[in-house]
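What follows is one structure encoded as structure tokens, with my remarks underneath.
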Ligand SMILES: Nc1ncnc2c1ncn2[C@@H]1O[C@H](COP(=O)(O)OP(=O)(O)OP(=O)(O)O)[C@@H](O)[C@H]1O
Ligand SMILES: [Mg+2]
């Protein structure tokens, strides 16, 4: 579903990704772990097409198409969803208007019929209830005044409604309380299906206790330096990144942060 | 709702086409009409300024004790239109006015308000300036706090494209007797193009000592991160920009009901964004 080959990218002339290769098949859940500043969010932004994240080499193929040639909104319509590490507050635009506009924009760009008001409201209510978020909050401005955990749950509501093919969730588990972690994990598991894939960026094993990954990757020095099964996350939890950094020829963790 | 009377006629008025306007101008103030309200009475204002000529009116409104004035003034002239409107409003003790100004049409549009607040009166004013090409649009207010405990809130938002100039000139005068005045002015402008200009000039003239007068002004561009967030959800760039521009004026139009004026304003914002 997603094939990243030898991807390099820079921000403001500073190289952050440096020959990253990663492949995620349909139906799979992959976790990406790595020290602070190693480029995990950068990878997610490059995949979503954020301006300023300049690709200097390599390729990304998504469902047979050149992802990097597409505009951000086209990537979304093609099925890419990015749950942001820091969701953006947008005063003056309600969550419902935002979501309905997004859903219908995606649908019309795919040549599908737009959702009626009633269909949309029904789906939005279900999605909010699934994330344990009071529906009244959906009438408020996007993320404005939301707590950290509420923002993350709001990202999940958006994901559930937009039903992407590939969900990239950048630390969606950070800032969640114990119950919310379970609710969010359930949401991710519900999305699992043979024709969907998920890329989980996380620092913690506790998310992976709820959402069993097929593969775990370690991102350091701008590339994937180690991949393994779920046991790799347990090993990292126990040992930290130092050993892997040394093996990868990165003299210390500070170098590992590109 | 009938429009308030034109006080000094102009050449647009068929009946006055051949009159000596200069002479008339000198005597006309004697004929100034006022709309008066009884105490507790509710006045509504629904002015929609259209056409392609010059609209030049002085409108005097007097709201009685404890009364209210609610309404909208929408300047939506055609491309060559010129507007120089002055609304002179007096709020008696305990009266309140909730007004929304939309200044978006014509070549030159000036909406001026001269508002006097007596004891305990309240003014809540929202203003939206939306212009493109080479339009010049101004909201000019002179708020006079004459008695104690009066409150005035002015929230003006401008979205400007092309080489348009949008200005908010807000003068607040607090008389010696107007203790416990609470006056607030907020102006924010969003510039869509490099050639667009926003001017803000708050002016405070305070003669009482126990007052709260706050003012803030800012000028900015569309938030790139917000645009990315919208696009990452599948919303095309122009549509995302239109939504953000519409959201930007939101604070200024909270009193504007759903209806034609609101719809026209939002459509104008969308076309301003997509014209670029
Ligand atoms: N605008 C920028 N200019 C220069 N460097 C930047 C810019 N934005 C990000 N960086 C740098 O890029 C590197 C990677 O950042 P990124 O946010 O991708 O890390 P991360 O792996 O997601 O970290 P975390 O675990 O803390 O979320 C960091 O060193 C960061 O300081
Ligand atoms: Mg990050």
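The values are calculated or read from the model by the stated rules, or taken from the named source; none is laboratory data. Worth saying up front: this structure is predicted, and the values here are computed from it rather than measured. Heads up, the Cβs are rebuilt from the backbone with ideal geometry, glycines too, and the neighbour counts pull from every protein chain shown.
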Q.
Condition first: closer than 29 Å to residue A:237 by Cβ and within 14 Å of chain B (Cβ to nearest Cβ). Can you find one or more residues in segment A:110-130 that meet it?
A. no
Q. Mind checking which pairs have a first residue in segment A:31-50 that is in contact (Cβ under 8 Å) with a residue 12 or more places away in the chain and within 14 Å of another protein chain (Cβ to nearest Cβ) and a second that is within 10 Å of ligand 2 (Cβ to nearest atom) and assigned to a strand (DSSP E or B), Cβ under 7 Å, 6 or more apart or different chains?
A. A:41/A:170; A:44/A:170; A:44/A:201
Q. Of the residues in segment B:255-269, how many are assigned to a helix (DSSP H, G or I) and either in contact with a strand residue (DSSP E or B) (Cβ under 7 Å, 6 or more places away or on another chain) or away from chain A (no Cβ under 12 Å) (or both)?
A. 9
Q. What strands (runs of 3 or more DSSP E) completely inside segment B:163-220 contain at least 3 residues that are buried (at least 16 other Cβ atoms within 10 Å of the Cβ) and within 17 Å of the chain's Cα centre (by Cα)?
A. B:165-174, B:181-191, B:197-206
Q | Among the candidates A:209, A:173, residue that is without any contact (Cβ under 8 Å) to a residue 60 or more places away in the chain, surrounded by 19 or more Cβ atoms within 10 Å (Cβ to Cβ) and within 26 Å of residue A:245 (Cβ to Cβ) | A | A:173
(Q) Anything in segment B:241-254 that is more than 8 Å from every other protein chain (Cβ to nearest Cβ) and not in a loop (DSSP other than H, G, I, E, B)? List them, or say none. (A) B:241, B:242, B:245, B:252, B:253
Q | Search result, residues across segment B:125-140 that are outside any strand (DSSP E or B) and under 15 Å from residue B:72 (Cβ atoms) | A | none
Q) Does at least one position in segment A:52-63 carry a residue that is within 14 Å of another protein chain (Cβ to nearest Cβ), closer than 28 Å to residue A:144 by Cβ and surrounded by 15 or more Cβ atoms within 10 Å (Cβ to Cβ)? A) yes
**Q.** Tally of residues being touching a residue at least 40 places away in the same chain (Cβ under 8 Å) and at positive phi across segment B:163-190
**A.** 0
Q) Which of the residues that make up segment A:88-97 are part of a loop (DSSP other than H, G, I, E, B) and within 8 Å of chain B (Cβ to nearest Cβ)? A) A:88
Q. Looking at residue A:53, is it under 20 Å from residue A:197 (Cβ atoms) and within 16 Å of ligand 1 (Cβ to nearest atom)?
A. no
Q: Enumerate the strands (runs of 3 or more DSSP E) found wholly within segment A:1-79, keeping only those where 3 or more residues are within 16 Å of ligand 2 (Cβ to nearest atom).
A: A:14-24, A:29-33
Q: From the list A:102, A:163, pick out the single residue that is within 14 Å of another protein chain (Cβ to nearest Cβ), over 14 Å from the mean Cα position of the chain (by Cα), farther than 26 Å from residue A:35 by Cα and more than 16 Å from ligand 2 (Cβ to nearest atom).
A: A:102
Q | Search result, residues across segment A:30-50 that are away from ligand 1 (no atom under 11 Å from the Cβ), buried (at least 22 other Cβ atoms within 10 Å of the Cβ) and at negative phi | A | A:31, A:47, A:48
Q: Give me the pairs, please: first residue somewhere in segment A:68-87 and within 9 Å of chain B (Cβ to nearest Cβ) and over 22 Å from residue A:6 (Cβ atoms), second residue anywhere and assigned to a strand (DSSP E or B) and within 16 Å of ligand 1 (Cβ to nearest atom), beta-carbon distance under 8 Å, and either six or more positions apart or on two chains.
A: A:81/A:168; A:84/A:170
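Okay, residues lined up against (1) modelled with pLDDT of 95 or more; (2) at positive phi; (3) more than 7 Å from chain A (Cβ to nearest Cβ):
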position: B:192; (1), (2), (3): yes, no, yes
position: B:196; (1), (2), (3): yes, no, yes
position: B:202; (1), (2), (3): no, no, yes
position: B:207; (1), (2), (3): yes, no, yes
position: B:212; (1), (2), (3): yes, no, yes
position: B:225; (1), (2), (3): yes, no, no
position: B:228; (1), (2), (3): yes, no, no
position: B:233; (1), (2), (3): yes, no, no
